[in-house]
Amino acid sequence: MRYQFSPWWHEFGKLGAWRLYDNTLPYAVNRRYVRYGKSQCGTGATWPMRSEDPVVVRGAVAPSLAESCSQAISRGIESGALSRSADLPFMVSVPKPLDLFGTAILDVLDGPLGDGVRRLYGSEFRVEWLDCYRTYHGERQASWLWHIDNVPPYLLKVLLYLTDSDADTGVTEFLSSSDTRAFREVGYFGVTRNERRTDLAELARQRNFSYRPLSFPMKRGDAVIFNTNMLHRGGEVRQGFRDVMSFQILPSRRPWRSHFETMGTEQIQAAGGFPRDPFVNA
């Protein structure tokens, strides 16, 4: 069962509970994830990326493999198997990327990308879900505004770039953990759509603190690991398109392939939310 966000809890969490967990979720959910993380991570492992910048992994997969996945999306669009969303016409969602690309793309988790995740957790890890999408130029969407994903402790996200990503093709921007906390202290969280802003420079100027977005231009095959409770935003695509796979990651005592065999292809492609109880299927 996936957790459903409640605006009531968000407003309550903004009163100060966020300082404990970097989110505005219910206390019971947070405590359950803290227990889970401590039970799975290696001895002495810290809360991953709570105070670190995103970790960029260059050449996580061969550029040729990333390009072949991108070409598969293009063929799907040309054949009519994939199409732009009626609600978000600048986006093409790939509902079952492993069916389209094949499971060989998951080998990315056995290379330097997987090594990076293991170092952060001090343990093995599992993929809770994955998805994939293509983004074109279009009207600004919620994920292009400064926000946090409002997830529990110990969750990480991986973005694997199937195309180059720069200032013209939708580079992702982040704020450091310390800068994120500064904005939270003055009431900016960016959880609900109506509280998200395009630019935080004016708010930073009013409060007399720094606004220092971090961006990492990516080549196809590169990846980034980050804590989605740090403020971040997707960049606007000004030309061409951007293809990205994303993975939601949790620590685990079992290797990811063992967890994948338990979950199955269908369940791991059912993207969205996070499990109410991370101990289920652990």
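Every number here is computed from the coordinates shown, using simple stated rules; none is lab data. Quantities reported herein were computed from a predicted structural model and do not represent experimental measurements. For neighbour counting, all protein chains shown are included, and Cβ atoms are generated from backbone atoms with ideal geometry for every residue, glycine included.
Tabulated values for the structure
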| item | result |
| --- | --- |
| Order by protection proxy (mean Cβ within 10 Å, highest first), peptides 66-73, 159-166 | 159-166, 66-73 |
| Theoretical ellipticity at 222 nm over the chain - DSSP helices of four or more residues, -39500 (n - 2.57) apiece, nearest 500 | -8500 deg cm²/dmol |
| Residue-by-residue Karplus 3J(HN,Hα) for the range 82-93, coefficients 6.51, -1.76, 1.60, Hz, glycine and proline x | 10, 8, 5, 5, 5, 7, 10, x, 8, 10, 10, 8 |
| Ordering of 172-183, 53-64 by burial proxy (mean other Cβ atoms within 10 Å per residue, highest first) | 172-183, 53-64 |
| From phi via Karplus (6.51, -1.76, 1.60), per-residue ³J(HN,Hα) for the range 22-32 in Hz, x at Gly/Pro | 6, 8, 10, 7, x, 4, 4, 5, 4, 5, 4 |
| Distance (nanometres) between label positions extended 7 Å along Cα→Cβ at V56 and R84 | 3.1 |
| Listed residue (G37, Y161, S93) projecting farthest to the positive dipole end of the chain, Cβ model | G37 |
| Between the range 32-46 and the range 168-226, the alpha-carbon center distance in angstrom | 27 |
| Calculated Rg and Dmax of the range 9-156 using C-alpha coordinates, Å | 18.5, 51 |
| Segments 250-257, 228-235, 184-191, 96-103 sorted - mean Cβ within 10 Å per residue, highest first | 228-235, 250-257, 184-191, 96-103 |
| Cα-based radius of gyration of the range 103-250 once divided by 2.2 N^0.38 Å, which approximates compact folds | 1.07 |
| Length gained when the stretch R238-R181 is fully extended (0.36 nm per residue, less Cα-Cα span) | 17.5 nm |
| Computed magnitude of the charge dipole of the range 7-268 (debye, nearest 20; Cβ of K, R +1, Cβ of D, E -1) | 860 |
